[in-house]
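Scroll down for the structure; my scribbles are underneath it.
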Amino acid sequence: MIRAAKYATTSGFSIPLNLASKIRQKAPLLAAISPARLTEEFYKILHSGMAKPIFTAMAKLKVLDHFVPNPKLDVAKVISTLGVGEALVSTLQEKGVPMPVERTLMAPPRARIGSITTEERAAVRSRSPIGLKYDTAVNRESAYEILGRRASQAEQPMSHAEPPVSQPVPPASRPSRFIRIQPN
């Protein structure tokens, strides 16, 4: 019954009147089907990309009334009147058993795609307790430099000469494993 509505909608065919009347007559048998099986079919429809027309066809065939029945809601009437931001929602109980369908409002996404502006980045950094700390350049000798100097000294023949005085390597010339993120 569910698949008849699904395939008729997705393929553009109409269900013959005699088949539609038989589906309406046998629709109460859906209550005896395993909730897990119904849930699987429900999610297949939701992910098909054509959920609204399929559920509309199921409502016309009175299949939705027995899918996960809700006596307080006439699904056939409600599904055709849903507006922007409205949805019919069924959640799952502990063992995957679907709850009755309810009408609800959906909130729009509160995020955006893309990077923040320079002004927004500056505002976030100014509020951060460590935002400005990393803007100060520190010229310290790193472990990479110390180990590199030791390795080069080990390669040179041992002499009794004075050890070379360490000169700090400017930050731009030494390799870094960190990427410095600079505001645009």
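The values are calculated or read from the model by the stated rules, or taken from the named source; none is laboratory data. Fair warning: this is a prediction, and the values are worked out from it, not measured in the lab. Every residue, glycine among them, receives a Cβ derived from its backbone with ideal geometry; neighbour counts consider all protein chains shown.
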Only one residue in Leu61, Leu19, Leu38 is modelled with pLDDT under 85, over 21 Å from the mean Cα position of the chain (by Cα) and not β-branched (Val, Ile, Thr). Which one? Leu38
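For region 30-43, what are the residues that are of a type in the set (D, E, K, R) and surrounded by 14 or more Cβ atoms within 10 Å (Cβ to Cβ)?
Glu41
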Filter region 105-126 for residues that are in a loop (DSSP other than H, G, I, E, B) and in contact with a Gly (Cβ under 9 Å, 6 or more places away or on another chain) and give the result. Met106, Ala107, Pro108
Answer yes if at least one residue in region 67-81 is over 13 Å from Val101 (Cβ atoms), crowded, with 16+ Cβ neighbours inside 10 Å, modelled with pLDDT of 80 or more and not small (Gly, Ala, Ser), and no otherwise. no
Return the residues of region 90-104 that are assigned to a loop (DSSP other than H, G, I, E, B) and over 16 Å from Asp65 (Cα atoms); say none if nothing qualifies. Thr91, Gln93, Glu94, Lys95, Gly96, Val97
